[in-house]
Amino acid sequence: MSRVFLTASAVLFIGVFSGAGVALAAEGGMPQLDLSTFPGQIFWTGVTFFILYFFFGSHVLPALSRIVDGRADHVRRDLEESERQTAAAHEAKEAYERALSQARSEASGMILALEASLRDSASVAHRDFQAHVLKEIAVAERRIAKAQSDAFSDINRLMADCVVLSSEKLAGVRVDRVLAQAVIDSLSTPSKAA
């Protein structure tokens, strides 16, 4: 590659400085406007064009084509990885919803069982037991709220990881994981309240 470039440069140098310099010195004018130098200028322009055309066609353009093809493959792999991570996040969300539904049904079953036993009790025992049931409900609600909070935290963490990896892989931008987590947490706050 460098030998072709050096040969072309030498030929161009000899051609330009051998004829054009003599004409400029003899006439004292602009050689590019002298009609007698047109054939030489056209010849060396053609030689330079074909040397550069050959050089770019055989070395530069294939290298650029390989780079573009490699980047396209890299982007395709990144998109596939992003889709896999999105599927994993959806599976985690579905598991959370199943666990939440099961916890609600268990809590509901516990409440129904406690209410049935309270109906059979005396009024004083009924009041004491009802206070106990309210405590159990509060504990169950705290457990449900904690399970919901833990599940949302896990989902938000997975989403933050997806955002960080996707932005690095797709856009080449390094996103701070803490910042991504904060943004995702702020966006999911209404969901936690519901």
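Can you give me the C-alpha center-to-center distance between the stretch 157-172 and the stretch 52-129, rounded to a whole angstrom? Cα centroid to Cα centroid, the span is 14 Å. Once the chain from residue 137 to residue 56 is taken as fully extended at 0.36 nm per residue, the excess over their C-alpha distance is 21.4 nm.
Under 1.5 on a/c is rounded, so check that first for the stretch 45-129, then, if it is not, pick prolate when a/b is larger than b/c and oblate when it is not; a ≥ b ≥ c are the square roots of the alpha carbon gyration tensor eigenvalues. Verdict is prolate for the stretch 45-129. Across the stretch 76-194, the relative contact order, built from alpha-carbon pairs under 8 Å that are at least six residues apart, equals 31 percent. Across the stretch 131-140, coupling constants 3J(HN,Hα) worked out from phi with the 6.51/-1.76/1.60 Karplus curve, θ = phi - 60°, read 4, 4, 4, 4, 5, 4, 5, 4, 5, 5 Hz, and Gly and Pro carry x.
The phi torsions of the stretch 148-158, fed into the Karplus equation with coefficients 6.51, -1.76 and 1.60 and a -60° offset, translate into couplings of 5, 5, 5, 5, 5, 5, 5, 5, 5, 5, 4 Hz, rounded to whole numbers, with Gly and Pro shown as x. 3J(HN,Hα) couplings calculated from phi for the stretch 68-80 with the Karplus curve 6.51 cos²θ - 1.76 cosθ + 1.60 (θ = phi - 60°) are, in sequence order, 5, 5, x, 5, 4, 5, 4, 5, 4, 5, 5, 5, 5 Hz; Gly and Pro show x. Count the lysine pairs in the stretch 91-194 that are 8 or more places apart or on different chains: how many have C-alpha atoms under 27 angstrom apart? Lysine pair count for the stretch 91-194: 6.
Every number in this text was worked out from the coordinates using simple rules, so none of it is lab data. Quick caveat, the model's predicted, so the values are computed rather than measured.
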